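Only the coordinates and a few stated rules stand behind these numbers; no lab work does. Everything numeric in this text was worked out from a predicted model, so none of it was measured. Reconstructed Cβ throughout: ideal geometry from the backbone, glycine too, with neighbour counts over all protein chains shown.
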């Protein structure tokens with residue numbers, strides 16, 4: 001009888017142990033594939049409570065999509081089961097035999113590893129021409145195209161490069177696109193034009209009506225003559241394509257697709273600027289410009305300052321222009337100019353103004369002439385050079401010292417370097433000054449060391465009491481950490497994984513400060529029980545648990561900046577409300 005009891009007890013212990021275990025497995029859709037094929041890797045977790053999922057470094061593979069997260073909970077005949085999956089879509093970078101390292105999770109304070117995966121990548125394989133092949137349908141109905149406003153510009157002439165994504169909306173649509181490899185513009189100065197919203201427009205591709213989206217715009221300015229190449233751009237596209245099949249109700253079946261598009265190589269034949277008619281002072285300005293030199297004052301006194309501004313405005317290679325420099329006659333001090341730019345990038349090129357503002361100070365009275373300046377530029381529309389001359393500036397200085405013209409400039413003494421000599425002063429008798437010895441300050445400084453001794457003892461005792469207050473120190477430290485991590489989370493808005501990790505740490509450290517529990521003891525059930533014991537209402541408890549669940553879920557699911565800001569505000573609100581109650 002006793003033996004049967006022992007066997008039964010052993011069976012119950014083994015049963016509980018098996019229930020406590022967690023299975024964390026990795027599975028590949030195929031172990032052998034061609035270099036032009038794709039691979040799906042799925043990680044499965046069969047217990048709730050696991051967190052801190054860390055994927056391996058897919059060194060030999062490019063992550064096309066993922067992780068896509070799904071979970072399933074069921075109860076059959078009183079028996080519950082749970083399964084969470086995270087799926088990645090990968091594309092090989094090269095041929096060979098590779099091992100994908102294990103991923104890791106944390107479960108009940110322990111780090112659990114998945115199994116590694118061995119993958120063999122062969123050379124590209126031929127794919128059958130299947131009318132329902134998702135990859136083939138996507139390539140037939142989605143195209144990346146580059147358009148150049150002018151493929152034979154002059155050196156320094158602005159051109160516009162536009163990247164368009166054409167989609168046959170009758171056979172599919174796009175849900176997301178990411179520029180995985182931007183183009184390079186060797187030999188060009190380039191400025192990207194930000195596109196805030198993708199807008200669907202109608203057009204044609206190879207004579208076929210299609211919709212298109214402008215996904216990138218760049219203004220390019222060639223820096224040298226000859227054939228310059230714009231390298232291709234790569235984008236990762238996610239979307240849906242319709243199959244040539246219908247379901248029971250006559251609706252076309254559709255499939256999700258992940259596709260890498262590569263295109264946009266262009267050769268630009270850049271022409272040199274003509275030598276015929278080139279002005280001697282031409283310094284590379286290409287476009288259509290205006291030129292002006294202006295002083296804010298023409299009448300002023302000696303040692304009074306004025307500002308002379310040299311300004312060029314219009315459309316062209318403004319950021320590459322060097323403005324002509326002014327020259328001042330003897331008797332005027334000239335300071336280094338302040339450079340200002342007011343330029344915006346448009347589809348026509350760079351538009352705006354550039355200016356150098358000089359500060360000048362006449363040292364003597366008289367009339368001074370600042371010579372005129374000239375500015376030359378090449379207009380590619382007219383294919384012609386132009387020169388604009390400014391008017392000279394005459395400064396009238398009626399008051400000031402007379403400049404001595406009998407000595408050389410190197411011997412000239414600048415009157416502004418001398419200060420006037422004071423003829424009056426105030427003296428104070430030395431007898432009126434009180435001695436420091438036996439003064440009030442003398443006695444205060446004498447007694448200060450004696451007063452500081454009891455103060456030092458008092459503050460020392462307070463410090464020791466604070467250091468011996470272990471619980472209080474833990475609470476203060478955890479409270480500071482909560483504020484720190486909440487502050488860090490705000491700085492990390494836009495970086496999904498780092499943001500939610502910081503947010504979770506802020507919540508956990510708040511609990512440590514208020515409930516006196518360690519991180520290893522924190523579980524959702526225990527949190528609920530302790531908060532109820534603290535007379536916290538159920539709605540506030542549910543709100544706190546919901547914030548924790550949202551953080552845990554959002555780390556593995558797609559999330560927008562707007563959602564992250566909302567989660568941050570929810571966490572801040574729940575910490576504030578709990579702090580009032582606790």
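May I ask you to sort 93, 344 by Cβ crowding, counting other Cβ atoms within 10 Å and putting the fewest first?
Values: 93 14, 344 9.
Going from sparsest to densest Cβ surroundings: 344, 93.
Put the Cα centre of region 297-376 next to the Cα centre of region 48-97 and the gap is 63 Å.
Pairs of Cα atoms nearer than 8 Å and 6+ residues apart set the relative contact order; for region 20-122 it is 35 percent. Let a ≥ b ≥ c be the square roots of the eigenvalues of the Cα gyration tensor of region 134-270; is it rounded (a/c under 1.5), or, if not, prolate (a/b larger than b/c) or oblate? Prolate, since a/c reaches 1.5 and a/b exceeds b/c. For residue 383, put the label point 7 Å out on the Cα→Cβ axis and report which residues of region 277-303 keep their amide N under 19 Å from it. 277-279, 286-288, by backbone N distance to the label point.
Using C-alpha pairs under 8 Å with a sequence gap of at least 6, the mean separation divided by the residue count of region 134-270 gives a relative contact order of 32 percent.
In this calculation the C-beta distance from residue 319 to residue 176 is compared with R0 = 45 Å, giving a FRET efficiency of 0.85.
Given just the C-alpha atoms of region 20-122, how large is their convex hull per residue in cubic angstrom? Can you show the working numbers first?
Values: hull volume 10.0 nm³, N = 103.
Enclosed volume per residue, from the Cα hull, is 97 Å³.
Rounded to the nearest 0.05, what FRET efficiency is calculated for residue 82 and residue 125 with R0 set to 25 Å and r the Cβ-Cβ distance?
After rounding to 0.05, the efficiency reads 0.05.
Here the residues 159, 221, ranked from fewest to most Cβ neighbours within 10 Å of their Cβ, fall in the order 159, 221.
Which order results if 234, 391 are arranged by neighbouring Cβ count within 10 Å, fewest first? The partial results should precede the final answer.
Working: 234 17, 391 11.
Ordered by Cβ neighbours within 10 Å, fewest first: 391, 234.
Have a look at the DSSP beta bridges in region 288-415 and tell me what percent are antiparallel, nearest 5.
100
From the largest down, region 258-414 spans 79, 43, 26 angstrom on the principal axes of its Cα atoms. Of the peptides 354-360, 185-191, the ranking by mean beta-carbon count within 10 Å, highest at the top, reads 354-360, 185-191. Once the chain from residue 463 to residue 224 is taken as fully extended at 0.36 nm per residue, the excess over their C-alpha distance is 78.9 nm. Between residue 110 and residue 57, the modelled labels are 2.8 nm apart [label points 7 Å from Cα along Cα→Cβ]. Mean separation of Cα pairs under 8 Å and 6 or more residues apart, divided by the residue count, gives region 288-415 a relative contact order of 30 percent. Here the label points at residue 140 and residue 265, each 7 Å from Cα along the C-beta direction, are separated by 2.6 nm in the simple model.
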